[in-house]
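See below for the structure under consideration.
The values are calculated or read from the model by the stated rules, or taken from the named source; none is laboratory data. Note that the coordinates shown come from a computational prediction; the quantities given were computed from them, not determined experimentally. Positions of Cβ are generated from backbone atoms using ideal geometry, with glycine treated the same way; all protein chains shown enter the neighbour counts.
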Amino acid sequence: MRVLFVVQGEGRGHLTQAISMEKLLRENGHEVVEVLVGKSESRRLPGFFIRNIQAPIKHIISPNFLPTRANRRANLSRSFLYSLWKSPEYYESMCYINRRIRETGADLVINFYELLTGLTFFFFRPQVPLVCIGHQYLFLHKEFQVPKKNRCSYFLMNMFTRLTSLGASRRFALSFRAMKDDDSHKLSIIPPLLRQEVFEQEPVEGDYIHGYMVNSGFSEYVCRWHNEHPEVALRFFWDHWEEEPVKKVDDTLWFYQLDDREFLRQMSGCKAYASTAGFESVCEAMYLGKPILMVPAHIEQECNAYDAVQSGAGIVDEGFNLDKLLAFAKDFRPNPAFPLWVRSSRYIILNELEKYTTHDCVQDMYMVEEYV
């Protein structure tokens, strides 16, 4: 089977999922022919992705959420207006996706939450099956519980999620725990797709707090807390390419450019983890048994954080108040069911994928109801 990936390049979660999926497919005799990465002009593709993906990587310009001026949370209105202005370029990207599907001879397209993939299948209708994978598809599940706030943002997020999967044969919803499939929304519930390097870590309890910020504006919170507690060691990763690879503020505060090998090494040795509630890093911390403080930057991460709390992962805060994390860590007990669920992922995912690898499943892909 020849498989084409299309990956949203925002943050690190979809990128690491693509790395894991490529390895799983190759080990089972399948070929990933190409990886198309959707990214904005302001984002740089992390080196860990380029090093680990074996298939040829090509870039497409795609919509991304723009941050507020403080570079902390997503600005929805600014993001929407910017996307309208850039729509001619996005149309060119859709044409390119359609052309690469045809020219690579792909038998299957796997979409890692890239909006333009769903739109390509809606407008151009390539004659190959499409499978979509991401934690966000879980929010469509009829039994998924959501935070009791930001209902409008939640509606818009789910609309966006549906658009990413227009024409899909199946949506694979990554989940913190096992749930029943929801065939009314074409949902298969699968475990987190963690990389092999996570399983190779030997976690120990160190003397520092580890962290990750998708928007570097959150560093103000971290620095403010650090000034009040300089005795606590902090090691934070961020997506701030204007800075040097390792920025030493003083003897106990360090900022690192995103490097996944170093990121996992630091996580395995920390005493607690603080992040902006990206699904992938929360799963890694849960697997390694680390208490977590989650600071959501937008509605998707608010849902991630809410769901993770239900699974016993950690606590939520509006800023990086690490006092709360240290207090929570004192009585924290890891969820023993989570590692077992994660370790079943390879079998479950491969079994699900191979149900949708024949062209027989294409015949019903373009019914009108599939696009709502």
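In summary, I50 fulfils each of the numbered conditions (1) closer than 30 Å to C152 by Cβ; (2) at pLDDT below 95; (3) of a type outside the set (S, T, N, Q) with the single exception of condition (1).
Restricting attention to region 31-42, does a residue exist that is out of contact with any Phe, Trp or Tyr (no Cβ under 6 Å at 6 or more places or on another chain), more than 29 Å from F237 (Cα to Cα), of a type in the set (S, T, Y) and at pLDDT below 90? Looking through region 31-42, none of the residues is out of contact with any Phe, Trp or Tyr (no Cβ under 6 Å at 6 or more places or on another chain), more than 29 Å from F237 (Cα to Cα), of a type in the set (S, T, Y) and at pLDDT below 90.
Mind checking whether some residue in region 307-319 is among the charged types (D, E, K, R), assigned by TED's automatic domain parsing to the domain that holds Y212, at pLDDT below 95 and more than 19 Å from the chain's Cα centre (by Cα)?
yes
When you look at L258, is it surrounded by 16 or more Cβ atoms within 10 Å (Cβ to Cβ) and touching a helix residue (DSSP H, G or I) at 6+ places or on another chain (Cβ under 7 Å), yes or no? For L258, the condition - surrounded by 16 or more Cβ atoms within 10 Å (Cβ to Cβ) and touching a helix residue (DSSP H, G or I) at 6+ places or on another chain (Cβ under 7 Å) - is not met.
Tell me the residue from G9, G47 that is crowded, with 21+ Cβ neighbours inside 10 Å and either in contact (Cβ under 8 Å) with a residue 60 or more places away in the chain or small (G, A, S) (or both), please. Full working, then the answer.
Working: G47 fails: crowded, with 21+ Cβ neighbours inside 10 Å.
Just a single option satisfies the conditions, and that option is G9.
Restricting E231, E220 to those that are at pLDDT 90 or above, of a type outside the set (K, R) and out of contact with any strand residue (DSSP E or B) (no Cβ under 8 Å at 6 or more places or on another chain) reduces the list to E231. Evaluating V214 against the criteria (1) of a type in the set (V, I, T); (2) crowded, with 21+ Cβ neighbours inside 10 Å; (3) touching a strand residue (DSSP E or B) at 6+ places or on another chain (Cβ under 7 Å) leaves one unmet condition, (3).
Here S169 fulfils each of the conditions (1) in contact with a Cys (Cβ under 6 Å, 6 or more places away or on another chain); (2) within 21 Å of A313 (Cα to Cα); (3) polar (S, T, N, Q) apart from (2). Residues that are buried (at least 21 other Cβ atoms within 10 Å of the Cβ), modelled with pLDDT under 95 and either in contact with a Ser or Thr (Cβ under 7 Å, 6 or more places away or on another chain) or of a type in the set (G, A, S) (or both): does region 240-253 have at least one? Looking through region 240-253, none of the residues is buried (at least 21 other Cβ atoms within 10 Å of the Cβ), modelled with pLDDT under 95 and either in contact with a Ser or Thr (Cβ under 7 Å, 6 or more places away or on another chain) or of a type in the set (G, A, S) (or both).
Against the numbered list (1) outside the structural domain of I292 (by TED's automatic domain parsing); (2) surrounded by 17 or more Cβ atoms within 10 Å (Cβ to Cβ); (3) at pLDDT below 95, D182 comes up short only at (3). Of all residues assigned to region 121-133, none qualifies as being assigned to a helix (DSSP H, G or I), modelled with pLDDT under 95, over 16 Å from the mean Cα position of the chain (by Cα) and among the aromatic types (F, W, Y). Kindly evaluate E205 against the criterion of being touching a residue at least 12 places away in the same chain (Cβ under 8 Å) and exposed (fewer than 14 other Cβ atoms within 10 Å of the Cβ). Taking the combined requirement at face value, the residue satisfies it.
Counting the residues of region 137-149 that are in contact with a strand residue (DSSP E or B) (Cβ under 8 Å, 6 or more places away or on another chain) and not in a loop (DSSP other than H, G, I, E, B) gives 3.
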